[in-house]
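Working notes, beginning with the structure itself.
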Amino acid sequence: MAEIGKRIRIERIMHRDSRNMVIIPMDHGMSDGPIRGVIDIADSINKVAEGGANAILMQKGMVYHGHRGYGHDVGLIVHMSASTSLGPDPNDKVLVCKVEEAMKMGADAVSIHVNIGSETEAEQLKKLGSVAEQCDEWGIPLLSMMYPRGKNITNPHDPQMVAHAARVGAELGSDVIKTVYTGDVDSFREVVDGCPVPVVIAGGPKTETDQEFLEMISGAMEAGARGVAIGRNVFQHPDPIKMTNAITQIVHHKMSVEEALQTLK
């Protein structure tokens, strides 16, 4: 029963034809505070839903504030990890939610963040393994944010490190992996090839231009990614509706970057 439950729920956070995902994380208030784009979170959710996002991702306390009861439907992923930029070690992610708790709030999936190379890597891996077991028990998909981050990680976009981090998430039972783009198609293809579950890319810091941003997404898709999980470059864009739509055109409909840029005008 749990297996069909997981299958049904994961289809709620993806496009049923392309089988790809456009996920907009809005959990930034935890790490960075009330930054632009997540202050009125219901309004931001409404805009990306109108633009065609498949799911939004947020901390448990924001589910109530983000629920609209109007507009386009959108999948819900409840994030279970937390740390702040003010803490002594922002790379130390702790669990702040339970799988059952997320399900009670209507979650279609849950997510957890693990920093490979951090000083608390061992404890984070232990939590990931435990959460993956609970997700299998309850039939709810698990998205794992897997990043090379720590005092000895000099290049967090190093292809070998990113591939290792992604593989660790799959090894411990994740259903979807979110990780950083390595910068080019060939190196990111190695990340995707080394990970037996779908990989989606993070957005990272806000990019300088729309073209640079969309080229990153196009490159990731060419390498075999199954979509994106990108926040600031969407909800802080001057027109989040159009930007979300441009992303969906690349991710779901294989539109070129040049064509996608035209949809922003």
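The values are calculated or read from the model by the stated rules, or taken from the named source; none is laboratory data. Since the model is a prediction, treat every value here as computed from it, not as a measurement. All Cβ positions, even for glycine, are placed from backbone atoms using ideal geometry, and neighbour counts span all protein chains on display. Side chains included, ligands, DNA and RNA excluded: accessible areas come from the protein's heavy atoms. Shrake-Rupley method; radii C 1.70, N 1.55, O 1.52, S 1.80 Å.
Stretching Ser130 away from Asp73 to a fully extended chain increases their span by 17.5 nm, per 0.36 nm per residue minus the current alpha-carbon distance.
Where the centre of each part is set by its Cα atoms, how far does the stretch 101-123 sit from the stretch 41-90, in angstrom? When both Cα centres are located, 15 Å separates them.
To the nearest 10, the accessible area of Leu261 is 40 Å² with a 1.4 Å probe. Once you order the gyration tensor axes a ≥ b ≥ c over the Cα atoms, which shape class does the stretch 24-145 get: rounded for a/c under 1.5, otherwise prolate or oblate by comparing a/b with b/c? Because a/c hits 1.5 or more and a/b fails to exceed b/c, the stretch 24-145 counts as oblate. Between Gln262 and Ala42, the distance separating the two model label sites (each 7 Å from Cα on the Cα→Cβ line) works out to 3.8 nm. Sorting Lys126, Lys60 by solvent-accessible area of protein heavy atoms yields Lys126, Lys60, largest first, with a 1.4 Å probe. Working value for the stretch 78-219: equivalent-ellipsoid semi-axes of 24, 18, 16 Å, each the square root of 5 times a Cα gyration tensor eigenvalue, largest first. Under a Gaussian network description of the chain, with springs only between Cα atoms under 10 Å, the residue in Val22, Val176, Val185 that fluctuates furthest is Val185. Can you compute the helix-only [θ] at 222 nm over the chain? Use -39500 (n - 2.57) per DSSP H run of at least 4 residues, normalise by all residues, nearest 500 deg cm²/dmol. Counting only the DSSP helices, I get -12500 deg cm²/dmol.
For the set His113, His164, the ranking by accessible area, highest first and with no ligand, DNA or RNA atoms included, is His164, His113 under a 1.4 Å probe. For the stretch 115-192, the Cα-based Rg and Dmax, in that order, read 12.8, 38 Å. Span-like helices, the chain: DSSP H, alpha-carbon axial extent 15 Å or more, mean Kyte-Doolittle 0.0 or greater, which ones? Helices meeting the criterion: 159-171, 240-253. By the Cα gyration tensor, the chain has an equivalent ellipsoid whose semi-axes, rounded to whole angstrom, run 24, 22, 19 from largest to smallest.
Within the stretch 63-198, what percent of beta bridges assigned by DSSP are antiparallel, to the nearest 5? Of the beta bridges lying entirely in the stretch 63-198, close to 15 percent run antiparallel.
Pairs to check: Lys151/Lys206; Lys47/Lys93; Lys47/Lys206; Lys127/Lys254. Give those whose C-alpha atoms are more than 25 Å from each other in this structure. Walk me through the numbers on the way to the answer.
On the way: Lys151/Lys206 23 Å; Lys47/Lys93 29 Å; Lys47/Lys206 18 Å; Lys127/Lys254 37 Å.
Too far apart for the 25 Å limit: Lys47/Lys93; Lys127/Lys254.
A 1.4 Å probe over all protein chains sorts Glu11, Glu123 by accessible area into Glu123, Glu11, starting with the largest.
Note on Arg16: accessible area is roughly 150 Å² with a 1.4 Å probe, heavy atoms of protein only. Given in Å, the Rg to one decimal and the Dmax to the nearest whole number for the Cα atoms of the stretch 185-265 are 12.2, 38.
By the rule of a C-alpha distance below 17 Å, with chain neighbours fewer than 8 residues away ignored, the lysines paired with Lys104 are Lys6, Lys60.
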